[in-house]
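The values are calculated or read from the model by the stated rules, or taken from the named source; none is laboratory data. Predicted, not measured: the structure shown is a model, and the values here were computed from it. Cβ placement follows ideal geometry from the backbone for every residue including glycine, while neighbour counts extend to all protein chains displayed.
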Amino acid sequence: MTTANCVHHGTRSSSSGTSVRRLPNPAWVVFLVAVFILVFAVSRGFADEDDTFGHEHGKHEHGAVTFNIALDGDTLLLELDAPAINVLGFERAPRNDAERKLVTNAHAWLAGGREMLRVPSNAACRLQSANFTAPKLGTGHADYQPRYAFRCSNPAALVWVEVWALRKLKEVERAQVNLITPQAQRQQTLQGGELRVPLK
Ligand SMILES: [Zn+2]
């Protein structure tokens, strides 16, 4: 239990006093997300569909969430793609104070990027940017697609990541991980509460 440290601990920047910097959609994030979309759209047979980047590039299926994870140098990228019902427990506008509070808390979590990933502590990863736009609720199906970039000062130690976001998501039946690292490019399905994804 002591061998690993939550990435989100690093975002609290206890000693430096600085807060998380929200970088405005860095070009390399856009590039890598585009690579994700291309690679997995082609591999999953979506290439004949609308290929507008940034729009829904996966199927909207209740219970099915996707984690796109890429390691490029010292940068670890995570994109979550989840139906609203698996984030909130419902997929409509909130109807009472309790539901409004639930939405507020979920959005704060997604915007802050904490408790998303856990990595080996000696990889020394810190959240560098979070890119979150709340979907419009109450107009039909809705998806959450936040993106995060972590800077790791010892990326060689990144032999695994754990997608702790799954502990907060609701009623997930299938979690697919699409992984791109210098050593690997593969898909993995997490089952039975499994969180860990090997990166090597
Ligand atoms: Zn839906």
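Assorted remarks:
- Restricting the first member to the range 186-200 and to residues that are touching a residue at least 60 places away in the same chain (Cβ under 8 Å), and the second to residues that are in a loop (DSSP other than H, G, I, E, B), the beta-carbon pairs closer than 8 Å and six or more apart or on different chains are Leu195/Trp164; Leu199/Leu158; Leu199/Val159; Leu199/Thr181; Leu199/Gln183; Leu199/Ala184.
- Members of the range 76-107 found to be away from the ligand (no atom under 16 Å from the Cβ) and under 14 Å from the mean Cα position of the chain (by Cα), listed by number: Leu76, Leu77, Leu78, Glu79, His107
- Sub-7 Å Cβ pairs linking a first residue in the range 83-98 that is in contact (Cβ under 8 Å) with a residue 60 or more places away in the chain to a second residue that is more than 16 Å from the ligand (Cβ to nearest atom) and not small (Gly, Ala, Ser), at least 6 apart or interchain, are Leu88/Leu102, ordered by first then second residue.
- All positions within the range 114-147 that are away from the ligand (no atom under 16 Å from the Cβ) and at pLDDT below 95: Arg114, Glu115
- The residues of the range 89-104 that are out of contact with any helix residue (DSSP H, G or I) (no Cβ under 6 Å at 6 or more places or on another chain) and either within 16 Å of Val172 (Cβ to Cβ) or at pLDDT below 95 (or both), listed by number, are Gly89, Phe90.
- Residue match in the range 170-193 (condition: of a type in the set (A, V, I, L, M, F, W, C), under 15 Å from Asn86 (Cα atoms) and either in a helix (DSSP H, G or I) or within 16 Å of the chain's Cα centre (by Cα) (or both)): yes
- Which numbered condition Ile69 fails, given (1) part of a helix (DSSP H, G or I); (2) under 20 Å from Pro182 (Cα atoms): (1)
- Candidate set: the range 141-167, residues that are without any contact (Cβ under 8 Å) to a residue 60 or more places away in the chain and in contact with a helix residue (DSSP H, G or I) (Cβ under 7 Å, 6 or more places away or on another chain); chosen: the one farthest from Asn122 (Cα to Cα): Ala142
- Being more than 20 Å from Val65 (Cβ to Cβ) and touching a Cys at 6+ places or on another chain (Cβ under 8 Å) is true of Ala123.
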